[in-house]
Amino acid sequence: MKCRQCSQKAVINMRQHKLALCSNHFIDWFTIQTQRTIHRYRMFNTDSRILVAVSGGKDSLAVWDVLHQLGYQADGLYIHLGIEKDFHYSQISQQKSEDFANKHGLYLHIENVKKNEGASITEATNLTLRGRNKPCSVCGLTKRHYMNRVGLQGGYDVLVTGHNLDDEAAVLFGNSLNWQVGYLARQHPVLEASSKGFIQRTKPFFRFYERETAAYAFLRGIDYVQEECPYAIGAKSIYYKEVLNHMELKRPGLKQSFFLAFLKAKQEERLLFRDDVPKEELKACKKCGQPTSAPDLCAFCRTWEKTRDLRAKNLRDA
Ligand code: SF4
Ligand code: ZN
């Protein structure tokens with residue numbers, strides 16, 4: 001197969017775009033497409049101060065790389081979660097993120113959950129959710145809290161994540177299977193800073209297939225952590241991705257049209273995905289000040305207070 005632009009050997013064939021490209025032309029195409037998405041969805045501009053949430057994986061480092069290549073002012077945020085099951089996932093991914101920042105002369109904030117909160121994600125899960133062993137819920141709320149806090153305290157205009165089309169389509173698939181109308185109403189690649197206390201969040205890679213972001217990271221020589229988080233094994237989102245990939249084989253472009261048609265339907269048919277459903281009243285958490293629907297403390301503060309109390313009690317009893 002030959003590159004559409006120069007007739008050299010193609011390194012990737014994107015069936016949904018009917019487009020095969022060589023290494024150089026693919027990197028150009030990928031960069032231009034990212035810029036187009038940023039413009040088209042009015043994500044940010046060259047004056048914006050951007051905070052990129054990096055996990056050390058291919059998507060987040062690739063999005064940081066493209067933004068840097070395009071001349072945006074983008075700092076990184078790495079959250080050390082203390083995930084050490086089977087191998088040193090957190091330690092390795094922090095190292096990859098630091099190496100990337102150093103190589104390109106970029107600034108990386110590092111937050112260490114164990115240092116800040118007194119326990120790792122895994123310990124907090126064991127203490128607070130006895131019987132349920134996956135730390136994903138504690139992990140998710142902790143990451144959201146840190147991204148919002150560092151973003152706002154650092155005076156950033158927007159938080160960027162590396163989610164790709166496979167991620168977005170899998171979330172949409174899961175939410176549709178269960179008709180989670182509230183989640184469907186909120187799912188969008190650009191989440192405005194809707195209420196005070198939330199930073200705007202955007203996903204400039206939401207139109208790329210995962211194999212395209214992987215190809216970009218590989219061809220640009222980005223050194224990323226290859227392994228997934230050990231707790232991702234068996235996650236529903238991975239199963240949904242497999243189902244969608246299976247359908248994609250028979251119908252190239254299916255994932256893309258599934259997600260883009262959803263966005264279009266949202267825009268045009270407000271009755272189906274009503275924006276005007278009464279939003280929950282949010283108050284400031286009494287401890288950390290971030291928005292919450294809870295009357296007193298937010299889920300982050302409750303989880304970590306409980307963790308510290310139980311930890312102190314265990315130490316006293318020991
Ligand atoms: Fe956190 Fe790992 Fe679960 Fe992802 S899979 S939410 S990184 S614990
Ligand atoms: Zn709080």
| task | Say whether the condition of being surrounded by 15 or more Cβ atoms within 10 Å (Cβ to Cβ), touching a helix residue (DSSP H, G or I) at 6+ places or on another chain (Cβ under 9 Å) and either of a type in the set (A, V, I, L, M) or within 20 Å of residue 208 (Cα to Cα) (or both) is met by at least one residue in segment 84-97. | result | no
| query | Taking segment 281-300 as the search range and keeping residues that are in contact (Cβ under 8 Å) with a residue 60 or more places away in the chain, of a type in the set (A, V, I, L, M) and away from ligand 1 (no atom under 16 Å from the Cβ), which one is surrounded by the fewest Cβ atoms within 10 Å (Cβ to Cβ)? | reply | 284
| task | Consider residue 79 carefully, then state whether it is more than 21 Å from residue 220 (Cα to Cα) and β-branched (Val, Ile, Thr). | result | yes
| request: Report whether or not residue 119 is in a helix (DSSP H, G or I), more than 12 Å from ligand 1 (Cβ to nearest atom) and buried (at least 17 other Cβ atoms within 10 Å of the Cβ). | output: no
| request: Could you please give the count of residues in segment 96-121 that are under 30 Å from residue 67 (Cα atoms) and either small (Gly, Ala, Ser) or touching a residue at least 60 places away in the same chain (Cβ under 8 Å) (or both)? | output: 6
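State all residues of segment 183-239 that are within 16 Å of ligand 2 (Cβ to nearest atom) and either touching a Phe, Trp or Tyr at 6+ places or on another chain (Cβ under 7 Å) or of a type in the set (A, V, I, L, M, F, W, C) (or both); if no residue qualifies, say none. Working first, answer last.
Residues of segment 183-239 that are within 16 Å of ligand 2 (Cβ to nearest atom), as a first pass: 195-199.
If the condition is that a residue be within 16 Å of ligand 2 (Cβ to nearest atom) and either touching a Phe, Trp or Tyr at 6+ places or on another chain (Cβ under 7 Å) or of a type in the set (A, V, I, L, M, F, W, C) (or both), then 198, 199 are the ones that fit.
Looking at this structure, is residue 58 among the basic types (Lys, Arg), under 30 Å from residue 138 (Cβ atoms), out of contact with any Lys or Arg (no Cβ under 8 Å at 6 or more places or on another chain) and crowded, with 17+ Cβ neighbours inside 10 Å? It would help to see each step written out before you state the result.
Details: among the basic types (Lys, Arg): yes; under 30 Å from residue 138 (Cβ atoms): yes; out of contact with any Lys or Arg (no Cβ under 8 Å at 6 or more places or on another chain): yes; crowded, with 17+ Cβ neighbours inside 10 Å: yes.
Spelling it out, residue 58 is indeed among the basic types (Lys, Arg), under 30 Å from residue 138 (Cβ atoms), out of contact with any Lys or Arg (no Cβ under 8 Å at 6 or more places or on another chain) and crowded, with 17+ Cβ neighbours inside 10 Å.
Taking segment 82-132, which residues are of a type in the set (A, V, I, L, M, F, W, C) and modelled with pLDDT under 95? Please lay out each step first, then the result.
Going residue by residue through segment 82-132, those that are of a type in the set (A, V, I, L, M, F, W, C) are 83, 87, 92, 100-101, 106, 108, 110, 113, 119, 121, 124, 127, 129.
Passing the criteria: 83, 87, 119, 121, 124, 127, 129.
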| Is it the case that some residue within segment 208-219 is in contact (Cβ under 8 Å) with a residue 24 or more places away in the chain and within 16 Å of ligand 1 (Cβ to nearest atom)? | yes
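The values are calculated or read from the model by the stated rules, or taken from the named source; none is laboratory data. Source: prediction; values computed, not measured. No Cβ is skipped: glycine too gets one built from the backbone with ideal geometry, and neighbour counts run over all protein chains shown.
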